[in-house]
Amino acid sequence: MKLMINGKEIQVPDSLQSITELLEHLNLNDQIVIAEVNQDIISNENQSKTQIKENDKIELVRFVGGG
Amino acid sequence: MLNIGPYSFSSRLLLGTGKYPDFETQKKAVDASESEILTFAVRRMNIFEATQPNFLEMLDLKKYTLLPNTAGAKTAEEAVRIAKLAKASGLCDMVKVEVIGCDKTLLPDPIETLKATEELLKEGFIVLPYTSDDVVLARRLEELGAHAIMPAASPIGSGQGIINPLYLKFIIEQTAVPVIVDAGIGSPSDAMIAMELGADGVLLNTAVAGAKDPVKMARAMKMAIEAGLLGYEAGRIVRKETATASSPLEGLSVK
């Protein structure tokens with residue numbers, strides 16, 4: 001399945017169903033990651049319920065140091 | 001106590017988390033500052049790098065209230081999106097609205113700041129807008145329902161200190177919500193002056209992160225803010241142009 005993540009085109013296994021599974025695939029699941037799918041912001045508690053599909057535009061962001 | 005919306009804090013020092021030399025120093029500086037509110041920015045992840053050490057994940061999040069900023073936003077719409085992304089983490093509902101209107105001075109865009117504040121208040125956020133030292137804007141933000149006003153002392157990261165104490169005082173006197181002096185603080189004396197002017201708190205980052213010894217500077221800032229608050233509450237003496245002796249003139253034994 002082809003996804004656009006943070007502006008880059010990426011191939012991921014078709015078996016990935018949810019944001020949670022995508023984060024596990026990217027080895028990002030032990031971090032605090034916030035997701036936006038096709039411009040819908042997904043609350044972190046809904047990541048496992050949020051389906052992903054071919055051509056989705058996904059933004060993955062996190063908290064970084066700032067003032 | 002510093003009361004912001006439904007929250008109460010015993011510390012009046014809000015600390016930024018950017019630009020520290022390393023996480024170990026940063027952790028010690030945060031401890032030394034005794035700050036309870038820490039600011040963060042929201043940024044895209046590098047999805048190809050699985051191990052990305054992150055300061056947030058080193059913290060005991062029960063001990064701190066997170067204050068994400070909307071830095072990077074140039075419009076109200078962008079600021080609202082960043083705030084919503086931050087809130088989606090489930091870790092915070094406060095936000096520092098920061099909409100930069102000038103790349104050279106990093107001064108905020110007052111109109112976009114006002115719009116973003118209005119929208120985020122509607123969405124139920126606890127909103128702390130970063131502003132210039134404009135008393136009229138501060139009042140307009142308060143009228144909208146902003147939970148605190150955060151005027152800059154001088155340009156972000158400049159360390160120039162409080163360049164317009166008079167205008168800051170106007171804001172402090174004319175708004176009922178907490179006024180937190182944000183940006184431009186360089187030294188403990190700057191933070192103390194802000195508190196002596198009657199500010200409710202101080203937000204700073206570079207002054208600690210960029211100090212030769214950030215841990216020591218964090219402690220100095222904490223102490224300066226406490227001293228400034230005490231001084232403000234105690235009420236300073238009136239300035240006079242002439243001297244008045246502190247020792248009695250009566251009973252002098254020498255001629």
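The values are calculated or read from the model by the stated rules, or taken from the named source; none is laboratory data. Given the structure is predicted, the values throughout are model-derived calculations rather than measurements. Accessible surface areas use protein heavy atoms only, side chains included; no ligands, DNA or RNA. Shrake-Rupley method; radii C 1.70, N 1.55, O 1.52, S 1.80 Å.
Below is a table of values for the structure above.
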| read-out | value |
| --- | --- |
| Under 18 Å from the Cα of A:Lys2 - aspartates and glutamates, other chains or at least 8 residues apart | A:Asp14, A:Glu21, A:Glu24, A:Glu36, A:Glu54, A:Asp56, A:Glu59 |
| Subset of B:Lys87/B:Lys122; A:Lys49/B:Lys87; B:Lys84/B:Lys216 violating a 24 Å alpha-carbon distance limit | B:Lys84/B:Lys216 |
| Accessible-area composition of the protein assembly as shown, carbon plus sulfur, in percent [1.4 Å probe] | 51 percent |
| Interface residues in segment A:47-67 - accessible area drops by 30 Å² or more relative to the isolated chain, probe 1.4 Å | A:Glu59, A:Val61, A:Arg62, A:Phe63, A:Val64, A:Gly65, A:Gly66, A:Gly67 |
| Contact surface A-B: accessible area buried, both sides summed, square angstrom, 1.4 angstrom probe | 2600 Å² |
| Nonlocal amide H pairs with B:Ser187, under 5 Å, H built at 1.01 Å | none |
| For chain A, accessible area per residue (1.4 Å probe, heavy atoms of protein chains only), Å² | 51 Å² |
| Cα gyration tensor shape of chain A, rounded if a/c is under 1.5, else prolate or oblate by comparing a/b with b/c | prolate |
| Counting DSSP beta bridges with both ends in chain A, the antiparallel % (nearest 5) | 85 percent |
| For segment B:43-61 and segment B:129-189, distance of Cα centres in Å | 31 Å |
| Rounded accessible area per residue of chain B, 1.4 Å, Å² | 49 Å² |
| Occluded residues from segment A:6-36, i.e. those whose accessible area drops by 30 Å² or more once the chain is not alone (1.4 Å probe) | A:Asn6, A:Ile10, A:Leu26, A:Leu28, A:Gln31, A:Ile32, A:Ile34, A:Glu36 |
| Backbone HN-Hα couplings from phi across segment A:27-39 [Karplus 6.51/-1.76/1.60, Hz, Gly and Pro as x] | 6, 10, 6, 9, 10, 7, 10, 10, 10, 10, 10, 6, 6 |
| Distribution of pairwise C-alpha distances over the protein assembly as shown, 20 Å bins, in % | 31, 50, 15, 3, 1, 0 |
| Prolate/oblate/rounded call for segment B:97-179, Cα gyration tensor, a/c under 1.5 rounded | oblate |
